[in-house]
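Trainee: Encoded as C-alpha cells, here's the structure I'll be asking about.
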Amino acid sequence: MFRLQGSKVLAVDMTGDAVKAKNGSMVAYDGQMNFKKLTGGGEGLRGMVTRRLTGEQMTVMEVKGHGTCWFADRASEINLVGLQGDKLYVESSNLLATDAGLRTGTTFTGLRGASQGNGLFTTTVEGHGQAAIMSDGPAVALRVSPQYPLIVDPGAYIAHQGNVRQSFQSGVTFRTFFGEGGGEAFQIRFEGDGLVYVQPSERNTIAGDL
C-alpha cells in the first residue's frame, strides 16, 4: 500500500480501503477518492478528553477509494515503519500517514514532551500495517539493546518502538561540552530492546531552560 517516490513523497495505492493522513498533506491523486476531515489526538472519548487537556489542534483526514494518492509535507524526508502488532510512539508533528490496519491514540510523556514544546502527550500507533513518519533530513533508526542503552538529544528524537523504557539524564550536554552554549539541560536515555528514530536536524526545544 505505502511506497516512496523519492525520499519526500509518499504514494499510497488503494483498492477500496482507507488511509489516515495529516490534514493538507495530499498533493495529488488519481482514480475515485473520498476525503473526510477527522480530529486528531486519538480515537474515542479518551482522545477527545486528551485534546481538551492539551489544547492539541492536530487534524487528520481519511482518504478512501480506488487509485493512488500522493502525500508530502514541507519537503520533509519520509520514512516507512512497519508494525507487526507492536506500538510506535511518535511526535504528532512527525506523523504523516497510517494505513487502515493501525489504530492511533495518545500517551502521557511528561517532562520529555514539555521540554520539546510538544505538550504532555505524544501519539501512539499500534496494530498491523505501515506508518509514514517525517523527519528534517534523513532519519536514522538506532538499535537499543540491553547491553547498549542509547542516549538521545531531545531535539533530535522523532519516535521509538519495541520494548523500550525511557528516562532522563542530566549533566553536561553534547553541545555545552564542546563550548556551544544553549544546549539541552538533559538527554533522553533509552533502555531495553527496540529502535529509536532520530533526525539530523534538531527542532527548537525549551529544555535548556529546565
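The values are calculated or read from the model by the stated rules, or taken from the named source; none is laboratory data. From a predicted model like this one, the values you see are computed outputs, not experimental measurements. A quick note on method: Cβ atoms are made from the backbone with ideal geometry, for glycine too, and the neighbour counts reach across all protein chains shown. Accessible surface is based on the protein model in full, side chains and every heavy atom, while ligands, DNA and RNA are left aside. Shrake-Rupley method; radii C 1.70, N 1.55, O 1.52, S 1.80 Å.
Trainee: Label points 7 Å out from Cα along the Cβ direction at Arg189 and Thr68: separation in nm?
Mentor: Label at Arg189, label at Thr68, 4.8 nm between them.
Trainee: May I pose another question? Counting only residues 5 or more places away or on other chains, whose amide H sits under 5 Å from the amide H of Asp86 once H atoms are built in the peptide plane?
Mentor: The answer is Gly127.
Trainee: Of Val27, Val90, which has the most accessible area and how do the rest follow, probe 1.4 Å? Spell out each step's value before the answer.
Mentor: On the way: Val27 90, Val90 0 Å².
Reading off the accessible areas and sorting them downward yields Val27, Val90.
Trainee: Okay, moving on. If the chain between Val140 and Gln84 were fully stretched, how many nm would it gain, using 0.36 nm times the residue separation less the Cα-Cα distance?
Mentor: Numbers: separation 56, 0.36 × 56 = 20.16 nm, distance 2.01 nm.
Length difference between fully extended and current span is 18.2 nm.
Trainee: Please work out how much length the chain gains when fully extended from Ala18 to Thr59, using 0.36 nm per residue of separation minus the C-alpha to C-alpha distance, in nm with one decimal.
Mentor: Working: separation 41, 0.36 × 41 = 14.76 nm, distance 1.63 nm.
Gain in length upon complete extension: 13.1 nm.
Trainee: OK, next. What is the extension gain from Phe108 to Met1, computed as 0.36 nm multiplied by their sequence separation minus the C-alpha to C-alpha distance, in nm to one decimal? Don't skip to the end; give the middle numbers.
Mentor: On the way: separation 107, 0.36 × 107 = 38.52 nm, distance 3.06 nm.
Taking Phe108 through Met1 to full extension adds about 35.5 nm, to one decimal.
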